[in-house]
Amino acid sequence: GEAWSLDDGESINDDDLLQRREDFGPGCKGPDVPHGVGVLTAGVDIQADRFEVEVVGWGLGEESWSIDYFSIYGDPSVDPKSGGSIWKELDRALSQTYKNPDGLELKIAAACIDTGFQALNAYAFIKPRQKRRVWGVKGRANRSKLWPRSPTRRNKGRIDLYIIGVDVAKESIYARLRKTEPGPGYCHFPEDRDPDYFQQLTAERLKTRFHRGFKVRYWELPSGKRNEALDLRVYALAALHGWKSNRNTIE
């Protein structure tokens with residue numbers, strides 16, 4: 001017989017990240033931001049009964065701090081134009097400010113909302129807020145860039161829809177999660193973040209298969225696993241790159 005091995009793929013140990021939680025310091029209780037954060041972005045995922053939201057703070061070299069992570073419960077199938085309460089709550093969440101220890105207030109500079117579910121309602125919510133850099137996105141595999149050069153308007157909402165490279169984003173995020181010393185690319189997490197968050201953040205595995213003699217790398221979510229936290233970090237990172245594409249710099 002031929003020898004064989006089971007390829008479990010490249011992964012991250014969620015327990016290692018759990019042990020790395022930290023106190024962001026005096027003046028940073030709740031959703032406030034620590035020193036080092038220069039800009040805030042947000043990722044939003046639409047689920048059947050709620051929105052999942054993460055607010056991420058970014059510093060020099062894209063060092064990051066997970067500032068806030070929360071759910072907004074309600075019915076996203078209600079038209080935002082009719083005053084659906086869940087959409088009002090989302091607007092309030094994306095409009096709030098966060099203080100650093102010196103009392104400086106930071107707004108969310110850009111946000112990406114996944115429009116793969118309840119797309120028409122997502123478009124209706126996003127369209128009047130695009131000038132606030134609330135962007136609609138859809139993820140695609142096998143794209144060379146995280147943030148596209150230009151959006152597409154080929155959608156029923158006629159919004160600027162950005163097709164983002166999820167493979168590129170996830171590889172970048174996993175590389176950052178492997179960093180063990182604070183500095184460029186390092187990811188900070190607050191001490192009150194629960195184990196489920198880290199399990200979701202590290203749920204997917206980067207695997208390799210052969211197609212017509214060539215190696216193809218792809219991401220796989222094991223059966224029974226949830227990955228909302230990873231998706232939200234992809235959207236928050238995409239929002240940062242979209243913000244940077246407008247000639248903004250953290251420096």
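The values are calculated or read from the model by the stated rules, or taken from the named source; none is laboratory data. Note that this is a predicted model, so its numbers are computed, not measured. For neighbour counting, all protein chains shown are included, and Cβ atoms are generated from backbone atoms with ideal geometry for every residue, glycine included. Accessible surface is based on the protein model in full, side chains and every heavy atom, while ligands, DNA and RNA are left aside. Shrake-Rupley method; radii C 1.70, N 1.55, O 1.52, S 1.80 Å.
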Exercise for the section: Kindly indicate whether residue 145 is under 30 Å from residue 217 (Cβ atoms), without any contact (Cβ under 8 Å) to a residue 24 or more places away in the chain, within 19 Å of the chain's Cα centre (by Cα) and surrounded by fewer than 18 Cβ atoms within 10 Å (Cβ to Cβ). Expected result: yes
Problem - Residue list for the stretch 183-217, restricted to those being open to solvent by less than 90 Å² (accessible area, probe 1.4 Å) and among the hydrophobic types (A, V, I, L, M, F, W, C) - result: 187, 189, 198, 201, 203, 206, 216
Exercise for the section: Could you grab me the full set of residues in the stretch 38-89 that are open to solvent by 30 Å² or more (accessible area, probe 1.4 Å), within 20 Å of residue 110 (Cα to Cα) and hydroxyl-bearing (Ser, Thr, Tyr)? Expected result: 69, 71
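For residue 95, state whether it is farther than 30 Å from residue 175 by Cβ, surrounded by fewer than 21 Cβ atoms within 10 Å (Cβ to Cβ) and either under 19 Å from the mean Cα position of the chain (by Cα) or at pLDDT 95 or above (or both).
When the stated conditions are applied, residue 95 passes them.
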Practice task
List every residue pair whose Cβ atoms sit under 9 Å apart, with the two residues 6 or more apart in sequence or on different chains, where the first one lies in the stretch 116-139 and is on the phi > 0 side of the Ramachandran plot and the second, anywhere, is open to solvent by 50 Å² or more (accessible area, probe 1.4 Å).
Solution key: 118/48; 118/77; 133/246
Handout entry: In the stretch 234-251, the residues that are open to solvent by less than 70 Å² (accessible area, probe 1.4 Å), within 12 Å of residue 58 (Cα to Cα) and in a loop (DSSP other than H, G, I, E, B)
Key = 250
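Within the stretch 224-232, is even one residue open to solvent by 10 Å² or more (accessible area, probe 1.4 Å) and under 13 Å from residue 173 (Cα atoms)?
Kept after step one, since they are open to solvent by 10 Å² or more (accessible area, probe 1.4 Å), are these residues of the stretch 224-232: 224-228, 231.
If we keep only those that are under 13 Å from residue 173 (Cα atoms) too, we end up with 231.
Yes, the stretch 224-232 has at least one match.
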Exercise for the section: Please give the number of the condition residue 126 fails out of (1) over 16 Å from the mean Cα position of the chain (by Cα); (2) open to solvent by 20 Å² or more (accessible area, probe 1.4 Å). Expected result: (2)
Problem - strands (runs of 3 or more DSSP E) wholly inside the stretch 125-233 that include at least 2 residues being at pLDDT below 95 - result: 205-211, 214-220
Practice task
Check residue 175 against each of (1) closer than 16 Å to residue 10 by Cα; (2) of a type in the set (A, V, I, L, M, F, W, C); (3) in contact (Cβ under 8 Å) with a residue 40 or more places away in the chain and name the one condition it does not meet.
Solution key: (3)
Fill in the blank from the handout: Within the stretch 148-171, residues farther than 23 Å from residue 81 by Cα, touching a Phe, Trp or Tyr at 6+ places or on another chain (Cβ under 7 Å) and open to solvent by less than 30 Å² (accessible area, probe 1.4 Å) come out as 148, 164, 167, 170
